[in-house]
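Asker: What follows is a single structure, and I will ask about it in a moment.
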Amino acid sequence: MNPELTPRRIVAELDKYIVGQQAAKRAVAVALRNRIRRRLLPPGLQEEVMPKNILMIGPTGVGKTEIARRLAKLVNAPFVKVEATKFTEVGYVGRDVDAMVRDLVETAIRMVKAERMAEVRGKAEELAQERLLDILYPPPRRETGFQNPFEAFFGGRPAVQEETEEERRRRREERERGWRRLLAGELEQEMVEIEVDDTAPPMMELFSGAGMEEMGANLQDMLGGLFPRRKKHRRVSVVEARRLLAQEEAQKLIDMDKVTAEAVQRAEQMGIIFIDEIDKVAGRDGMVGPDVSREGVQRDILPIVEGSTVMTKYGPVKTDHVLFIAAGAFHVSKPSDLIPELQGRFPIRVELENLRREDLERILREPENALTRQYQALLATEGVELTFTDDGVAELATITALVNERTENIGARRLHTVMEKLLADISFDAPELAEKRIRVDREFVRARLAGIVQDLDLSRYIL
């Protein structure tokens with residue numbers, strides 16, 4: 001974790017993608033900085049400093065998930081997003097809460113494995129080139145095999161066929177020419193047949209009931225040593241063959257035991273679990289009847305958030321220092337409806353604000369992944385030059401805010417539906433358009449969206 005990531009710098013990085021919500025950004029920046037501070041403490045004190053989990057309260061579409069996701073990318077930490085509504089109390093059909101920790105470890109494994117494979121990419125590509133050369137220009141086979149099956153049984157030696165000096169020289173020259181052509185890229189579109197490992201998942205993974213999520217993988221691990229790995233033949237171009245063979249060689253060069261050990265350690269010390277829709281499992285006052293999917297789920301989540309050991313196929317994983325960020329709209333329920341023990345495990349609470357028209361306009365202009373830039377890049381692939389004027393962007397924000405106000409307020413997500421409706425015809429006709437320059441100004445926006453805004457009932461269904 002980069003020690004130069006000060007809270008101010010973390011907020012500045014989040015500002016590139018998320019508009020407003022300064023209170024939430026400051027809270028997650030401090031939580032992240034505390035993780036950096038903790039790693040500088042003596043080992044004995046490190047174990048005593050627990051992460052300060054965060055509860056984000058705010059309506060949909062205001063940036064709760066995006067803040068957590070960008071935070072994890074910023075520090076290259078394992079990150080998983082789970083829905084609290086997917087889990088059920090133990091004894092009922094549904095995912096068990098331990099699955100979120102298993103998902104976190106799997107994410108960490110993929111991250112560390114990708115890093116290690118990137119480190120050996122150069123060596124792997126060299127080995128892949130050599131394998132390609134052997135496929136295109138096979139080396140001589142010196143052993144012709146046993147003359148009859150009894151020779152192998154009684155310890156006989158296979159017959160050897162010697163090449164003449166002329167044949168060796170000719171084959172050597174042919175391989176050298178092939179090597180030069182391969183390096184020069186002259187054989188890229190040649191078709192070759194290669195043999196690669198069959199990575200098809202086991203059929204047992206089709207079962208996904210509570211407690212069975214790892215059964216397929218565990219069965220494969222148990223039986224993997226009894227049977228050789230399956231191979232399959234593929235006929236592909238040299239370009240694709242080089243990629244597949246390099247990937248296979250890189251897999252051989254890395255030590256998966258070390259990858260697993262580092263991944264588990266990274267998940268335990270740097271992992272971030274984002275629990276969305278936490279308000280949906282909050283029990284409401286005055287409820288009557290069984291409530292297995294609410295308070296029971298909270299009580300199952302509690303030990304994981306408090307710090308416990310979860311068994312995975314990679315070994316035990318401790319959650320004491322995993323950072324948990326919970327989020328919910330809390331329209332019907334309120335944070336105090338959560339069980340007291342769970343409330344105490346989320347000491348930092350931040351309330352995210354509703355997006356105003358000015359915020360929506362900034363969202364269309366400022367972020368590096370702004371929707372306007374995305375649509376410009378998409379249509380540029382068809383040769384269409386899309387230009388958004390200032391008054392056009394302002395009108396888009398005004399209409400989006402108006403629709404959010406009149407119907408359900410879904411925050412910035414409304415921009416996606418409005419933009420898609422605005423550019424639907426252009427996206428459809430883009431390959432055949434005679435005029436490749438499109439200017440999106442106020443008149444353009446009003447002409448295509450005025451009817452939707454005026455008809456409230458229609459906007460409920462279309463936007």
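The values are calculated or read from the model by the stated rules, or taken from the named source; none is laboratory data. A quick note: this is a predicted structure, and the numbers were derived from the prediction, not measured. Backbone-built Cβ (ideal geometry, glycine too); neighbour counts: all protein chains shown. Note: accessible area is taken over every heavy atom of the protein model, side chains too, but ligands, DNA and RNA are not part of it. Shrake-Rupley method; radii C 1.70, N 1.55, O 1.52, S 1.80 Å.
Results for (1) over 23 Å from the mean Cα position of the chain (by Cα); (2) loosely packed, with under 15 Cβ neighbours inside 10 Å; (3) at pLDDT below 75, shown as yes or no for each residue.
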| position | (1), (2), (3) |
| --- | --- |
| Gly211 | yes, yes, yes |
| Arg230 | yes, yes, yes |
| Val236 | yes, no, no |
| Val239 | yes, yes, no |
| Leu245 | yes, no, no |
| Met270 | no, no, no |
| Glu277 | no, no, no |
| Met287 | yes, yes, yes |
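Asker: State which residue is surrounded by the fewest Cβ atoms within 10 Å (Cβ to Cβ) when the search covers only the stretch 391-413 and only residues that are in contact with an Asp or Glu (Cβ under 9 Å, 6 or more places away or on another chain) and among the acidic types (Asp, Glu).
Answerer: Within the stretch 391-413, the match that is surrounded by the fewest Cβ atoms within 10 Å (Cβ to Cβ) is Asp391.
Asker: Let me ask something else about it. Any chance you could count how many residues in the stretch 62-74 are surrounded by 17 or more Cβ atoms within 10 Å (Cβ to Cβ) and either farther than 25 Å from Leu342 by Cβ or more than 24 Å from the chain's Cα centre (by Cα) (or both)?
Answerer: Of the residues in the stretch 62-74, 2 are surrounded by 17 or more Cβ atoms within 10 Å (Cβ to Cβ) and either farther than 25 Å from Leu342 by Cβ or more than 24 Å from the chain's Cα centre (by Cα) (or both).
Asker: In the stretch 21-45, what residues are open to solvent by 20 Å² or more (accessible area, probe 1.4 Å) and over 25 Å from Glu341 (Cβ atoms)?
Answerer: Gln22, Ala23, Arg26, Arg33, Arg37, Arg39, Leu40, Leu41, Pro42, Pro43, Gly44, Leu45
Asker: Now for a different question. Can we say Glu435 is charged (D, E, K, R) and either in contact (Cβ under 8 Å) with a residue 12 or more places away in the chain or touching an Asp or Glu at 6+ places or on another chain (Cβ under 9 Å) (or both)?
Answerer: No, not satisfied.
Asker: I would also like to ask the following. Can you spot a residue in the stretch 93-101 that is within 12 Å of Ile325 (Cβ to Cβ), modelled with pLDDT of 85 or more, of a type in the set (D, E, K, R) and in contact with a strand residue (DSSP E or B) (Cβ under 6 Å, 6 or more places away or on another chain)?
Answerer: Checked against the condition, which is being within 12 Å of Ile325 (Cβ to Cβ), modelled with pLDDT of 85 or more, of a type in the set (D, E, K, R) and in contact with a strand residue (DSSP E or B) (Cβ under 6 Å, 6 or more places away or on another chain), the stretch 93-101 yields no hits at all.
Asker: Scan the stretch 344-377 residue by residue and report those that are of a type in the set (Asp, Glu) and either surrounded by 17 or more Cβ atoms within 10 Å (Cβ to Cβ) or not in a helix (DSSP H, G or I) (or both).
Answerer: Glu351, Glu353, Asp359, Glu361, Glu366, Glu368
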